[in-house]
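Data block below; observations after.
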Amino acid sequence: MSLPNFLQGFEIADKKSLDCYNDIGLPTKKNENWHYLDMARVLSKQVYQKQLNDNHKSDNLFDAIKISVVNGNIGSVDNLPEGISITVGDGKFSDELINEKKHPLLLLNNSVAGDFINIDISQDIKQLIHIDYYNNAPNVAFLPKVVIRIASGKTASIIETFNSGKDCSVFCNSLTEIFVEEEAKLLQYKIQQDMGQSKHIAYTKAYVQKESFYEQNFACFNNEVTRNEVEVDILGTDANAEVRGVYIGKNKSVIDNTIRINHLASDCESQQLFKGVLNDRAQGIFQGKIYVDKEAQKTDGYQMHRSILLSDDAQVCGKPELEIYADDVKCSHGSSTGEINPEQLFYLTARGINENLARNLLLQAFLNEVFDNIENDIVRKYLQKNTIKTMETIL
Amino acid sequence: MDLLNIENLHARVDNPDGQEILKGLNLTIKKGEIHAIMGPNGTGKSTLTKILAGSDEYEITQGSVNYNGEDLLEKEAHERANEGIFLAFQYPVEIPGIATSTFLRHALNAKLRHNEKEEIDNLEFIKLLRQKAKTLKISDEMLKRPVNVGFSGGEKKRMETLQMSILDPHLGLLDETDSGLDIDALRTVAEGVNYIHSKEKGFLIITHYQRLLDYIKPDFVHIMVGGKIIKTGDYKLAIELEEKGYQAYGV
Ligand SMILES: Nc1ncnc2c1ncn2[C@@H]1O[C@H](COP(=O)(O)OP(=O)(O)OP(=O)(O)O)[C@@H](O)[C@H]1O
Ligand SMILES: [Mg+2]
């Protein structure tokens with residue numbers, strides 16, 4: 001048994017996962033969950049390698065508890081405040097996640113040897129926790145493994161940023177498992193801004209207990225291929241899960257958001273809100289599902305996906321899905337694809353604002369509906385600033 | 001000197017089966033003059049103002065428009081605005097997600113930049129905005145809202161007037177700015193126009209009612225029917241129309 005050809009230089013950690021992966025292989029369009037994104041094709045063109053660390057230093061943008069991961073190599077973490085433990089090295093995903101899902105990229109992540117980042121939160125943590133992924137080696141592969149636990153009643157926020165040097169081709173296959181205990185609150189932000197030739201595949205699984213709150217806010221600024229998959233199991237009553245995202249794409253970018261929220265207990269709420277702007281031949285994919293178990297009465301589920309296309313060749317596809325087995329629920333979903341409103345554009349230009357700035361302002365306004373939900377001021381402003389910058393490059 | 005000179009303007013809706021709307025329109029506005037256009041619904045009054053402001057909804061098939069001696073139709077909408085043309089829209093559009101004050105600051109700074117002047121800083125701008133808003137009885141709360149979102153009909157018209165007074169245009173095109181205004185607001189809007197009016201500036205005021213013209217005295221009143229101006233007179237023409245309607249003009 002060996003690792004697939006496109007991954008070089010890695011050791012095998014889990015033979016069983018690898019066997020299973022090799023049985024299934026990379027997903028193609030025939031796989032329902034990957035209907036719009038043919039991973040086998042995406043990964044057929046190039047070989048990616050395990051690379052060495054580098055002395056890259058970056059600013060602490062968010063004044064955070066910071067973990068640096070350079071070319072897949074995790075740096076040391078010191079000066080931790082009380083109430084949080086971060087260990088790097090051994091770790092384990094739940095059996096349920098690896099063995100039952102039979103998800104090829106989860107299996108691949110688990111097959112490959114690599115350090116875990118284990119984050120245990122036992123007190124309220126005011127500072128942001130920042131995992132800063134940065135790559136500057138050519139054709140780098142990295143397969144992050146992150147496990148986050150937050151204790152009952154505690155609150156914390158975690159941000160992951162993905163950046164790469166110019167012309168740096170990247171394969172990232174990230175796997176994150178999150179345990180949100182009763183009455184806890186975990187806010188998660190993920191910002192993909194490789195801006196270049198990166199294949200970014202991420203899977204997040206969150207288990208949300210009674211009266212707790214979990215949210216993920218994802219932003220993708222014009223990367224080549226991005227798949228952000230999130231599955232949330234709401235396991236206790238009166239809990240709330242929100243998964244939101246913003247994406248901006250140009251050239252031939254592909255951005256796939258695949259979200260599944262499983263309501264397994266009663267009286268819970270969930271929200272999925274995604275907005276995207278696409279130019280050139282970029283493609284947006286949104287597969288959102290709300291699953292409501294027969295036990296999950298009084299579920300309130302909401303799902304919305306809106307996109308603006310700036311070119312005739314850009315496209316969005318996907319499917320919203322509701323699967324409901326309880327009878328007393330409130331679920332809604334919707335989607336829309338449109339252009340910049342010409343009347344609004346004329347109103348702005350008739351006031352002296354040039355057309356490029358006017359478009360930029362209108363698109364920011366469109367995406368701000370998502371950012372307005374972000375509690376953390378520093379993160380929200382950072383995202384808004386990057387949106388303006390990215391928009392200037394795609395307009 | 002002519003501020004605006006429109007000659008034999010023909011325009012149609014810019015789509016494959018778009019009908020002709022302006023059918024040979026002539027109009028000259030000299031500096032310092034106030035002109036009013038009256039005319040039945042659907043005769044092309046708003047179309048005219050939108051064309052002057054640079055809308056790309058329409059295709060010009062014949063004729064010319066000169067503004068300050070330059071070919072206006074060559075210029076893009078934002079250039080026209082920055083060179084002093086202001087259209088107070090008949091139906092101001094709502095723009096969720098952009099705060100009124102942010103929008104207006106961008107607009108004012110665009111104009112300042114265009115005229116090679118220094119941009120206004122944020123604090124100074126807010127002061128200016130508050131002061132102008134107060135005279136138009138627009139609350140701070142309204143300024144914080146997104147552009148025109150949730151405004152009543154009359155509030156939208158007052159907001160157009162506020163924008164005009166901040167951008168201080170050379171040629172103001174007011175498309176039914178009086179419609180939907182209460183008596184007090186009508187007076188305030190008229191005061192706004194009279195306040196910025198000077199011998200360098202011109203106004204084109206479109207209205208269905210003589211009432212507004214009681215407050216803003218026009219030098220000329222034109223009747224527009226079927227995409228062109230068919231009669232020009234002075235203030236008395238407005239009074240006559242108010243009494244008799246457009247029947248005498250074959251409408
Ligand atoms: N973009 C467009 N597409 C199709 N028809 C149009 C368009 N713009 C204007 N029209 C038509 O052209 C005619 C003139 O419209 P316009 O809005 O200029 O009239 P108006 O004189 O301002 O009327 P009112 O007094 O009702 O405001 C109308 O019949 C209108 O339906
Ligand atoms: Mg009109």
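With an 8 Å Cα cut-off and a minimum separation of 6 or more residues, compute the relative contact order for the range A:7-339 in percent. Could the numbers behind the result be given before it?
Working: 973 pairs, mean separation 35.0, N = 333.
Over the range A:7-339, the number comes to 11 percent.
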Practice problem: Would you work out what percent of the accessible area of the protein assembly as shown, with all protein chains in place, is carbon or sulfur (probe 1.4 Å)? | Solution: 45
Quiz prompt | Gyration tensor verdict on the range A:46-96 (Cα atoms; rounded if a/c is under 1.5, prolate if a/b is larger than b/c, oblate otherwise) | solution = oblate
Quiz item: Got a sec to turn the phi values of the range A:147-163 into Karplus ³J(HN,Hα) couplings, 6.51 cos²θ - 1.76 cosθ + 1.60 with θ = phi - 60°, whole Hz, x for Gly and Pro?
Solution: 10, 10, 10, 10, 6, 3, x, 9, 10, 7, 10, 10, 10, 10, 10, 10, 10
Quiz item: Just for chain B, what percent of DSSP beta bridges are antiparallel, to the closest 5?
Solution: 60
Quiz item: Can you give the convex hull volume of the alpha carbon atoms of the range B:39-94 per residue, in Å³?
Solution: 114
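Once you charge only the Cβ atoms, +1 for Lys and Arg and -1 for Asp and Glu, what is the size of the charge dipole of chain A about its Cα centre, to the nearest 20 debye? Mind dumping the intermediate values first?
On the way: 41 positive and 55 negative charges, 259 e Å.
I would put it at about 1240 debye.
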Quiz item: In nanometres, what is the gap between the two model label sites at A:Asn60 and A:Asn251, each 7 Å from Cα along Cα-to-Cβ?
Solution: 3.5
Quiz item: Computed over the Cα atoms, what is the radius of gyration of chain B divided by 2.2 N^0.38 Å, N being its residue count?
Solution: 1.00
Practice problem: Over chain A, give the accessible area per residue in Å² for a 1.4 Å probe, as an integer. | Solution: 40
Practice problem: Whole Å is fine, so just give me how far the alpha carbon centre of the range A:256-326 lies from that of the range A:1-77. | Solution: 26
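Quick one: net charge of B:Arg130's neighbours, Cβ under 14 Å, K/R +1, D/E -1? Spell out each step's value before the answer.
Numbers: positive: B:Arg105, B:Lys127, B:Lys132, B:Lys134, B:Lys137, B:Lys144; negative: B:Glu124, B:Asp140, B:Glu141.
After counting each charged neighbour, the total is +3.
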Quiz item: Cβ under 12 Å from A:Ile86's Cβ, A:Ile86 left aside: what net charge do those residues give with Lys, Arg +1 and Asp, Glu -1?
Solution: -1
Practice problem: Determine ³J(HN,Hα), in whole Hz, for all residues of the range B:50-64 in sequence, where each value follows from phi through the Karplus function 6.51 cos²θ - 1.76 cosθ + 1.60 and θ = phi - 60°; x replaces Gly and Pro. | Solution: 5, 5, 5, 7, x, 5, 9, 5, 10, 10, 7, 9, 7, x, 9
Quiz prompt | Percentage relative contact order, the range B:20-81, counting C-alpha pairs under 8 Å, at least six apart | solution = 29
Exercise. For helix B:153-167, report the angle its Cα long axis makes with the longest principal axis of the Cα atoms of chain B; keep it between 0 and 90° and round to the nearest 10°.
Key: 80
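Hull surface divided by four, with the convex hull built on the Cα atoms of the range B:180-248: how many nm²?
Working: hull surface 21.7 nm².
Over all viewing directions, the range B:180-248 projects a mean Cα-hull area of 5.4 nm².
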Exercise. Show that you can apply the helix-only estimate: for the protein assembly as shown, add -39,500 (n - 2.57) for every DSSP H stretch of four or more residues, divide by all residues, and state [θ] at 222 nm to the nearest 500.
Key: -7500 deg cm²/dmol
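Can you compute the FRET efficiency between A:Ile324 and A:Asp95 using 1/(1 + (r/R0)^6), with r the Cβ-Cβ distance and R0 = 22 Å? Round to the nearest 0.05. Before the final figure, lay out the partial values.
Values: r = 29 Å, r/R0 = 1.30.
The value I calculate is 0.15.
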Quiz item: Counting only the backbone N, which residues of the range B:87-116 are under 11 Å from the spot 7 Å out from the Cα of A:Glu343 toward its beta-carbon?
Solution: B:90-95
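For chain A, rounded, prolate or oblate, judged on the Cα gyration tensor with a ≥ b ≥ c (square roots of eigenvalues), a/c < 1.5 rounded, else prolate if a/b > b/c? Walk me through the numbers on the way to the answer.
On the way: a/c = 1.31, a/b = 1.13, b/c = 1.16.
Taking the square roots of the gyration eigenvalues as a ≥ b ≥ c, chain A is rounded.
For A:Ile308, what is the net charge nearby, where nearby means another residue's Cβ is under 11 Å from its Cβ and Lys, Arg count +1, Asp, Glu -1?
Numbers: positive: A:Lys275, A:Arg306, A:Arg359; negative: A:Glu339.
That sum, taken over residues with Cβ under 11 Å, equals +2.
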Practice problem: Run the numbers on chain B and let me know its relative contact order in percent, using alpha-carbon pairs under 8 Å that are six or more apart. | Solution: 28
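Using a 1.4 Å probe and counting only protein heavy atoms, arrange B:Arg113, A:Arg281, B:Arg105 so the residue with the most accessible area comes first. Present the calculation step by step, with values, prior to reporting the outcome.
Working: B:Arg113 115, A:Arg281 150, B:Arg105 65 Å².
Result of the area sort, largest leading: A:Arg281, B:Arg113, B:Arg105.
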Quiz prompt | Most mobile of A:Pro138, A:Pro81, A:Pro320 in a GNM of chain A (Cα contacts under 10 Å) | solution = A:Pro81
Quiz item: Taking the alpha-carbon centroid of each part, what is the distance from the range A:184-238 to the range B:135-180 in angstrom?
Solution: 43
Self-check item: Extreme residue, positive dipole direction of the range A:239-395, given options A:Thr390, A:Ser270, A:Gly318 (C-beta unit charges)
Solution: A:Thr390
Exercise. Using only alpha carbons, build the gyration tensor for the range A:209-317 and give me the equivalent ellipsoid semi-axes, biggest first, whole Å.
Key: 31, 11, 10
Quiz prompt | Choice from A:Asn53, A:Asn173, A:Asn262 with maximal GNM fluctuation in chain A (Cα, 10 Å cutoff) | solution = A:Asn53
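Taking a ≥ b ≥ c as the square roots of the Cα gyration tensor eigenvalues, with a/c under 1.5 meaning rounded and otherwise prolate when a/b beats b/c, else oblate, which class fits the range A:120-223? All intermediate terms of the calculation are to be shown ahead of the outcome.
Working: a/c = 2.66, a/b = 2.42, b/c = 1.10.
Because a/c hits 1.5 or more and a/b exceeds b/c, the range A:120-223 counts as prolate.
Which FRET efficiency value, to the nearest 0.05, do you get for B:Thr61 and A:Asn53 by plugging their Cβ-Cβ distance into 1/(1 + (r/R0)^6) with R0 = 56 Å? It would help to have the intermediate numbers written out before the result.
On the way: r = 68 Å, r/R0 = 1.21.
With R0 = 56 Å, the Cβ-Cβ based efficiency is 0.25.
In the protein assembly as shown, what % of DSSP beta bridges are antiparallel (nearest 5)? Present the calculation step by step, with values, prior to reporting the outcome.
On the way: 34 of 187 bridges.
If I count the DSSP bridges inside the protein assembly as shown, around 20 percent turn out antiparallel.
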Practice problem: Report the extension gain between A:Gln315 and A:Asp120 in nm, rounded to one decimal, defined as 0.36 nm multiplied by the number of residues separating them, less their alpha carbon distance. | Solution: 66.1 nm
Quiz item: For the pair A:Ser2 and A:Glu295, how long in nm is the line joining their label points, each one 7 Å along Cα→Cβ?
Solution: 4.7
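Please state, as a whole number in µm²/s, the translational diffusion coefficient that the Stokes-Einstein equation yields for the range A:166-222 at 4 °C and 1.567 mPa s, with Rh defined as the Kirkwood radius across alpha carbon pairs.
Numbers: Rh = 12.9 Å.
Result for D is 100 µm²/s.
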Quiz item: Under a GNM of chain A (C-alpha, springs under 10 Å), which listed residue has the highest mean-square fluctuation: A:Ser58, A:Ser157, A:Ser266?
Solution: A:Ser58
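Taking a probe of 1.4 Å and counting only protein heavy atoms, give the total accessible area buried between chains B and A in Å², rounded to the nearest 100. Working shown, then result.
Numbers: alone 12270 and 16930 Å², together 27390 Å².
The summed interface area works out to 1800 Å².
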Quiz prompt | Chain-alone versus full-assembly comparison, the range B:73-93, residues with accessible loss of at least 40 Å² (1.4 Å probe) | solution = B:His78, B:Phe89, B:Val93
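Of the beta bridges DSSP finds with both residues in the range A:7-339, what % are antiparallel, to the nearest 5?
Numbers: 9 of 145 bridges.
Antiparallel: roughly 5 percent of the beta bridges in the range A:7-339.
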Quiz item: Taking H as built 1.01 Å from N, whose amide H comes closer than 5 Å to the amide H of A:Thr258, not counting residues under 5 places away?
Solution: A:Asn228, A:Glu229, A:Val230, A:Gln287
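Based on Cα coordinates alone, diagonalise the gyration tensor for the range B:115-245, multiply each eigenvalue by 5, take square roots, and list the semi-axes in whole Å, largest first. Write out the running numbers ahead of the final one.
Values: eigenvalues 181, 62, 32 Å².
One finds semi-axes of 30, 18, 13 Å for the range B:115-245.
The values are calculated or read from the model by the stated rules, or taken from the named source; none is laboratory data. It should be emphasised that the depicted structure is a prediction, and the values quoted were computed from it without experimental measurement. Note that we place each Cβ from the backbone using ideal geometry, even for glycine, and neighbour counts take in every protein chain shown. Protein only, heavy atoms only, side chains kept; ligands, DNA and RNA dropped before computing areas. Shrake-Rupley method; radii C 1.70, N 1.55, O 1.52, S 1.80 Å.
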